[in-house]
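Some notes on the structure that comes next.
The values are calculated or read from the model by the stated rules, or taken from the named source; none is laboratory data. In this text, all values refer to a predicted model and were calculated from it rather than measured experimentally. Positions of Cβ are generated from backbone atoms using ideal geometry, with glycine treated the same way; all protein chains shown enter the neighbour counts.
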């Protein structure tokens with residue numbers, strides 16, 4: 001897999017289209033931080049790291065319990081829907097890609113949907129939303145836009 005962040009975003013989009021309540025993705029620290037930001041901003045209900053011993057009982061593709069070995073740690077993301085069944089996530093787009101990295105300075109931070117959405121920025125101090133990065137006066141790589 002050349003772009004694990006794009007894979008995670010695609011799994012989330014596909015799970016929303018299939019009306020799933022949760023989705024599992026292979027664990028990495030940056031994906032966990034990204035998911036925590038989505039929870040904090042109100043786009044996901046929760047994120048849970050499942051250790052290797054428990055992860056062997058989960059299939060990464062079907063989200064059903066199956067006997068698998070050696071998968072490694074996984075993240076279980078609980079998706080958020082409103083009372084009408086609409087997802088809280090309307091748009092989830094990868095901005096910076098392995099073939100074309102997008103970096104911004106503190107003065108060029110993007111504004112998403114006139115301030116209603118968020119851009120997630122990878123900085124030297126960790127992952128932040130565009131609003132947090134502006135407050136801290138730091139720039140970085142624009143990972144994705146969400147609204």
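Would a scan of the range 1-13 turn up a residue that is over 23 Å from residue 83 (Cα atoms), free of Cβ contacts under 8 Å to residues at least 12 places away in the same chain and in contact with a helix residue (DSSP H, G or I) (Cβ under 6 Å, 6 or more places away or on another chain)? Yes, some residue in the range 1-13 is over 23 Å from residue 83 (Cα atoms), free of Cβ contacts under 8 Å to residues at least 12 places away in the same chain and in contact with a helix residue (DSSP H, G or I) (Cβ under 6 Å, 6 or more places away or on another chain). Which residues, counting only those in the range 113-125, are surrounded by fewer than 20 Cβ atoms within 10 Å (Cβ to Cβ) and in contact with a helix residue (DSSP H, G or I) (Cβ under 7 Å, 6 or more places away or on another chain)? Within the range 113-125, 123 is the sole residue that qualifies. Picking from residues in the range 49-86 that are part of a strand (DSSP E or B) and buried (at least 16 other Cβ atoms within 10 Å of the Cβ), the one that is modelled with the lowest pLDDT is 58. Scanning the range 16-30 for residues that are surrounded by fewer than 20 Cβ atoms within 10 Å (Cβ to Cβ) and either part of a helix (DSSP H, G or I) or on the phi < 0 side of the Ramachandran plot (or both) turns up 16, 17, 18, 20, 21, 22, 26, 27, 28, 29, 30.
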